[in-house]
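Colleague: What follows is a single structure, and I will ask about it in a moment.
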Amino acid sequence: MDRQSLFVQVANLEERIGDLYVELGSLKQKIQELIEENQRLQQENERWQASAAGRGTTPSVDGLENLARIYEEGFHICNLRYGSLRTEGECLFCMGFLSK
Ligand SMILES: [Zn+2]
């Protein structure tokens, strides 16, 4: 076996592992941000449910604007998947909820 080319292969592999390591780090950072965002949304959801319970069944105009903003940021606001990322584009349940 050609030792020179073996060395080059290992060096290339090392470089790719280095790149993957960097990519892994940035994905980890993104996951952490998503977890934090999710946490924030859960708290917001609890506050909203508490205020909706206190006022009857319909949220205030402010509440709806808030939900529309959360939806625009890419999260579900429907009962089915509240707070989870909208990975599949528009959600009919969310849009139905917003049009009320
Ligand atoms: Zn939805």
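The values are calculated or read from the model by the stated rules, or taken from the named source; none is laboratory data. This structure is a prediction, so every number in the text was calculated from the model and none was measured. Here the Cβ is made from the backbone with ideal geometry for all residues, glycine too, and neighbour counts use every protein chain on show.
Colleague: List every residue pair whose Cβ atoms lie under 9 Å apart, where the two residues are 6 or more positions apart in sequence or sit on different chains, the first residue falls within the stretch 70-81 and is within 14 Å of Leu92 (Cα to Cα) and without any contact (Cβ under 8 Å) to a residue 40 or more places away in the chain, and the second residue, located anywhere, is of a type in the set (D, E, K, R) and within 6 Å of the ligand (Cβ to nearest atom).
Modeller: So the pair list comes out as Phe75/Arg81.
Colleague: Check Glu33, Glu90 and return the single one that is assigned to a loop (DSSP other than H, G, I, E, B), at pLDDT 85 or above and not hydrophobic (A, V, I, L, M, F, W, C).
Modeller: Glu90
Colleague: Another one. Counting only residues that are farther than 18 Å from Arg40 by Cα and of a type in the set (A, V, I, L, M), which one in the stretch 84-100 is farthest from the ligand (Cβ to nearest atom)?
Modeller: Among residues in the stretch 84-100 that are farther than 18 Å from Arg40 by Cα and of a type in the set (A, V, I, L, M), the one farthest from the ligand (Cβ to nearest atom) is Leu98.
Colleague: Out of everything in the stretch 72-83 that is of a type outside the set (D, E, K, R) and more than 8 Å from the ligand (Cβ to nearest atom), what residue ends up being surrounded by the fewest Cβ atoms within 10 Å (Cβ to Cβ)?
Modeller: Here the residue is Asn79.
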